[in-house]
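The values are calculated or read from the model by the stated rules, or taken from the named source; none is laboratory data. The shown structure was predicted, so the numbers you read here are calculated from the model rather than taken from an experiment. Glycine gets a Cβ as well: all are built from the backbone with ideal geometry, and neighbour counts include every protein chain shown.
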Amino acid sequence: MTYPPGTPYGEPQPGPYGGQPQPGYGQPPPGYGQPPQPGYGQPPPGYGPPPPAPTGTTLNPHTLPDDDNVNPYVFCVSLAGDWFMSKGAMLAYYGDVRFEAVTEYTSVQAWVAARFSSPVYVQDWVVATGRGKVLIGDRGFDLNAYDLDAGNLTIKANNLCAFSPQLELKQSIVPGFVTLIGTGKFIASSNGPVIFVEPPFRADPDALLGWADCPSPSVHHDAQWMTQNIRGMISGALGRASGEERQYDFTGSGTILLQSSEVAREDPAVLRLVESQTQLLTNAQAGSLGQRLVARAQQQQH
Amino acid sequence: MALLTAHKRVLHADLQGDRIRAASGSMVAVEGTVDFKNAGMGGGGGMRAALKRAVAGESLSLMDCTGHGRVYLARDAMDVLVVDLAGDTLTVESEHVLAHTEQLRLDVQFAGLRGVTSGQGLATTTVTGHGQVALVSEGPVMALEVAPGQDLVVDPDAYVGSRGQLSMNLVSGVSWKSLVGEGSGEPFSLRFTGHGLVLVQSSER
């Protein structure tokens, strides 16, 4: 990441508007809202026909970075060939780029089917083909590029934005996660900076972003936490589980990636995933599950 | 003269007996004596703009801030950007306008089909004159240059505004097959040609 944080976006330019407030009148308290330093964040003078950028810098295909962050929230992919991208991740692009649904592509190009083996997620992805610079972003979250070198990394499917076609994507055993295998680059978003930890470690499922090189986690139920909180258990039985007793337990050696937010986002694929699992149920079981789900949906409306 | 200054996610508006217009409900704090008054229909753009706005469904609710002192304006902790205009025109989505100085004129421009796809109404707002306009965006705004032979395609949800001699076309990046079945997720985008700058935010929603 070459991006210098804290770029003075929209720093005011001393202009023909009278500048500072008159002394003694509505002055801000000292040390608070200092007037901007002159010459800071100013557009280049004498710029040609396009008007000066209000952000201080103008980006064009030549000044955009090659496969690097433009700012903490935007990544620029220098496209020459194909890339897998999550639907809607594209913010803007220069050049000649086409976006095609992976589902449609697989029937034409066998390599796509070989690289993308996850029927649950396939409808959320597109193949970007062509030549140009593609800017991608994900709801204003932090974006980071990761390089895999003959490795594997499992990541929350919701947070994966794009990956190069040299990588292979497979669905993880853990619902809501996908595994990338091979050598290549991928881009993932995180709510807040990514935290790297090593096992043995227990993680909150919502804060967990992914893991690399270590075995898939097992679910740990913190019995002590639950018995200590009898009242919590009662409220849990009434449908208000805190969720804090359920953790993912990592063992072995590897790296675990965490994001600094527990805000879970809706992943449409999880519904498809769970729905496909309900085939294991008998009709009577499915009926009682349905009733419980209806009760839960009604409870949450109040 | 009123001065707008962006401080990260808060806009400082220093008033010296004059007036600015700010999005209704965006005031977070105030120092000095400042009066707030609803600017009325059409965001103060006059009856014609009000009518156009009503027809176009471009919603913009502004209030007048008059007095002496400093007004702190913000919206949903979004990033703030101040654009200085010297007689030229800035085209902007009305939902991104946080405040503007008195001398600027806001008008509505019909944008054709584009508004239908982005769900932001049938029209965009144009800001013309000499003064400052403050915009809010999700994540910092990038200014992307468009020049002949250097077209830019933008996701309608990431589009904030544009400046310069630009023409905007609706492009469909999908074939018929994917329209019928699974869409590509980028069904419509905006293609900018000409000479100018396009402001893009870092979130597509």
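Quick one: A:Gly130 ticks every box in (1) over 27 Å from A:Val274 (Cβ atoms); (2) more than 9 Å from chain B (Cβ to nearest Cβ); (3) buried (at least 16 other Cβ atoms within 10 Å of the Cβ); (4) within 20 Å of the chain's Cα centre (by Cα) except a single one, so which number is it? Every condition holds for A:Gly130 apart from (4). Residues that are out of contact with any Leu (no Cβ under 9 Å at 6 or more places or on another chain) and under 11 Å from A:Gln259 (Cα atoms) within the stretch A:194-212 comprise A:Pro205, A:Asp206, listed in sequence order. Within the stretch A:172-186, not a single residue is within 30 Å of A:His62 (Cα to Cα), in a strand (DSSP E or B) and within 13 Å of another protein chain (Cβ to nearest Cβ). Scanning the stretch B:1-25 for residues that are within 14 Å of B:Gly131 (Cβ to Cβ) and not in a strand (DSSP E or B) yields a count of 2. Of the candidates A:Thr106, A:Thr129, the single residue that is outside any loop (DSSP other than H, G, I, E, B), of a type outside the set (Lys, Arg) and at pLDDT below 85 is A:Thr106. Among residues of the stretch A:70-89 that are within 7 Å of another protein chain (Cβ to nearest Cβ), those with a Cβ under 8 angstrom from a residue that is aromatic (Phe, Trp, Tyr) and assigned to a strand (DSSP E or B), sequence gap 6+ or separate chain, pair up as A:Lys87/A:Trp125. Report yes if some residue within the stretch A:192-209 is touching a Cys at 6+ places or on another chain (Cβ under 7 Å), outside any strand (DSSP E or B) and at pLDDT below 85; otherwise report no. Yes, the stretch A:192-209 has at least one match. Just one residue in the set B:Glu145, B:Glu182 is at pLDDT below 70 and buried (at least 16 other Cβ atoms within 10 Å of the Cβ); that residue is B:Glu182. If you filter the stretch B:60-77 down to residues that are among the charged types (D, E, K, R) and over 16 Å from the mean Cα position of the chain (by Cα), you find that the one that is surrounded by the most Cβ atoms within 10 Å (Cβ to Cβ) is B:Arg70.
Here A:Ile181, A:Ile136 are screened, and the one residue that is within 19 Å of the chain's Cα centre (by Cα) and without any contact (Cβ under 8 Å) to a residue 40 or more places away in the chain is A:Ile181.
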